[in-house]
Amino acid sequence: MDRVRLERTFCWKISGELKLFKYRILQKEKEDIYSLAYRINTIICIYEALMEMCEKLETHMLQRCIEIPGLLTYLYGKWLKDPDSHNKELEYSIMNAICDMQQNVA
């Protein structure tokens, strides 16, 4: 399969996965959807990152991603297992903002 066709297939695959994910989410009750907010946001972010990375991924990587069923969900599961630096970054940002507020008051 040539590169252009491979990229197109990859984008089609993850777009289809995202549409199916959204459809399934929208079948749930409001409270359930709210409880899944982090998962929803993260899967959308994974999708967006993959779309941006598509042209940069090597051909064999694209091929492997196409072969993995439920790629977005798979990557979400991997993301959950990684150490979380997001909370540390958020805490650091909050502390900087509080320090800035203190300096502006003084």
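What distance in nm lies between label points placed 7 Å from Cα along the C-beta direction at residue 34 and residue 98?
Computed distance between label sites residue 34 and residue 98 equals 2.7 nm.
With a Cα-only, solvent-free Debye model of region 47-106, what are the log10 I(q)/I(0) values at q = 0.21 Å⁻¹?
Debye curve over Cα of region 47-106, log10 I(q)/I(0) at q = 0.21 Å⁻¹: -0.89.
Given the Cα-Cα distance of residue 5 and residue 79 and 0.36 nm per residue of separation, how much length would full extension add, in nm? Mind dumping the intermediate values first?
Working: separation 74, 0.36 × 74 = 26.64 nm, distance 2.81 nm.
Between residue 5 and residue 79, full extension yields an extra 23.8 nm.
To two decimal places, what compactness ratio does region 26-82 give when its Cα radius of gyration is scaled by 2.2 N^0.38 Å?
Details: Rg = 13.5 Å, N = 57, 2.2 N^0.38 = 10.2 Å.
Ratio of Rg to 2.2 N^0.38 Å for region 26-82: 1.32.
At most 14 other Cβ atoms within 10 Å and a DSSP loop assignment: could you name the GluC sites (Glu not before Pro) in region 46-106 that fit?
The qualifying sites are 55, 58.
Counting pairwise Cα distances across the chain, what percent come out greater than 23 angstrom? Let's see the in-between values first.
Values: 2548 of 5565 pairs.
Tail of P(r) above 23 Å: 46 percent of Cα pairs.
In region 3-105, if the dipole is taken from +1 on Lys/Arg beta carbons and -1 on Asp/Glu beta carbons about the Cα centre, which of 60, 87, 45 is farthest to the positive end?
In region 3-105, that residue is 60.
No lab work stands behind these numbers, since they all come straight from the coordinates. Keep in mind the model is a prediction, meaning the values are calculated, not measured. FYI the Cβ positions are ideal-geometry reconstructions off the backbone, even for glycines, and counts take in every protein chain you see.
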